[in-house]
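One structure is given here, and the rest of the page talks about it.
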């Protein structure tokens, strides 16, 4: 098996196309493993991984923990409210105390953008970014692209992917843009102008305020959750008049899907706000690969952890 060009996984921006393809190739092998009757391999036996989640998470944390246990790693879980870690020094102290217990790798989610990079420059262990504020969520982007590859084939050139919804507050959107473009796909971001960052065109993406225009253009629609928790105090009116209006304009339902003259693939990084950004009949339809994304998340995270573990001997 090859080796990644980076010691940590901080963001997709730091990966090469060859890195991404190596992760996919490794994930293919691990996906076979997790579908066997005995789903465990000894690949990371005697490796200790700490999951540090300074921000609430269910899906990502469970997926990482399952991936670690499938690889036979020893797992330590640490939780802290986002209010308990305010300063960089406190974060370093917390992590160094855990590393003093001889932890080899740290998987970290943190509410502050750049926290994973900050830590990687100051502690002697491998860091995997499980989401840092509105910055990046690299393993989500990898599993999303891996799921597209599984559904539509390995050649991304000419593939058109629309990312719909709360682009401004989404680390998933940014990581997906970087990942898909490195693989050769075209990307469009779609949503109310108030939820699309200024100058995002500089990343080489198309921008649209029309869901139907985007659906007619794309092969894949990735429907993002509205991140109300990141939108300040006036959560339901800060970026659009009402949830009802947002759903009318940007929610994907069966009527809109059936009006297209082609079949497109539907994705969602979860958790789903059913009836807001996506209706239940779309989420549960044969065009949806949402549950495939969940399954692929374990295989991708196994691949990332396994490949990064190869750098444990590096200085």
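The values are calculated or read from the model by the stated rules, or taken from the named source; none is laboratory data. Just so we're clear, the structure is a prediction, and the values are computed from it rather than from any experiment. A quick note on method: Cβ atoms are made from the backbone with ideal geometry, for glycine too, and the neighbour counts reach across all protein chains shown.
A compact table of results
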| item | result |
| --- | --- |
| Subset of segment 52-81 (residues that are modelled with pLDDT under 95 and touching a helix residue (DSSP H, G or I) at 6+ places or on another chain (Cβ under 6 Å)) | 53 |
| Selection from segment 171-212 of residues that are in a helix (DSSP H, G or I), farther than 26 Å from residue 10 by Cβ and modelled with pLDDT of 95 or more | 211, 212 |
| When residues of segment 270-300 are limited to those that are without any contact (Cβ under 8 Å) to a residue 12 or more places away in the chain and either touching a strand residue (DSSP E or B) at 6+ places or on another chain (Cβ under 7 Å) or not in a helix (DSSP H, G or I) (or both), the one surrounded by the fewest Cβ atoms within 10 Å (Cβ to Cβ) | 286 |
| Complete set of residues in segment 301-315 that are loosely packed, with under 14 Cβ neighbours inside 10 Å and in contact (Cβ under 8 Å) with a residue 60 or more places away in the chain | 312, 314 |
| Tally of residues being in contact with a strand residue (DSSP E or B) (Cβ under 6 Å, 6 or more places away or on another chain), surrounded by fewer than 24 Cβ atoms within 10 Å (Cβ to Cβ), in a helix (DSSP H, G or I) and in the same structural domain as residue 56 (by TED's automatic domain parsing) across segment 106-151 | 1 |
| Any hit, segment 175-183, residues being without any contact (Cβ under 8 Å) to a residue 40 or more places away in the chain, surrounded by fewer than 19 Cβ atoms within 10 Å (Cβ to Cβ) and on the phi < 0 side of the Ramachandran plot | yes |
| Test: residue in segment 301-310 that is assigned to a loop (DSSP other than H, G, I, E, B) and modelled with pLDDT under 95 | yes |
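Residues are listed down the side, and each one gets a yes or a no for (1) within 15 Å of the chain's Cα centre (by Cα); (2) outside the structural domain of residue 182 (by TED's automatic domain parsing); (3) surrounded by fewer than 16 Cβ atoms within 10 Å (Cβ to Cβ); (4) without any contact (Cβ under 8 Å) to a residue 24 or more places away in the chain:
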site: 19; (1), (2), (3), (4): no, yes, no, yes
site: 37; (1), (2), (3), (4): no, yes, yes, yes
site: 45; (1), (2), (3), (4): no, yes, yes, no
site: 51; (1), (2), (3), (4): no, yes, no, no
site: 54; (1), (2), (3), (4): no, yes, no, no
site: 57; (1), (2), (3), (4): yes, yes, no, no
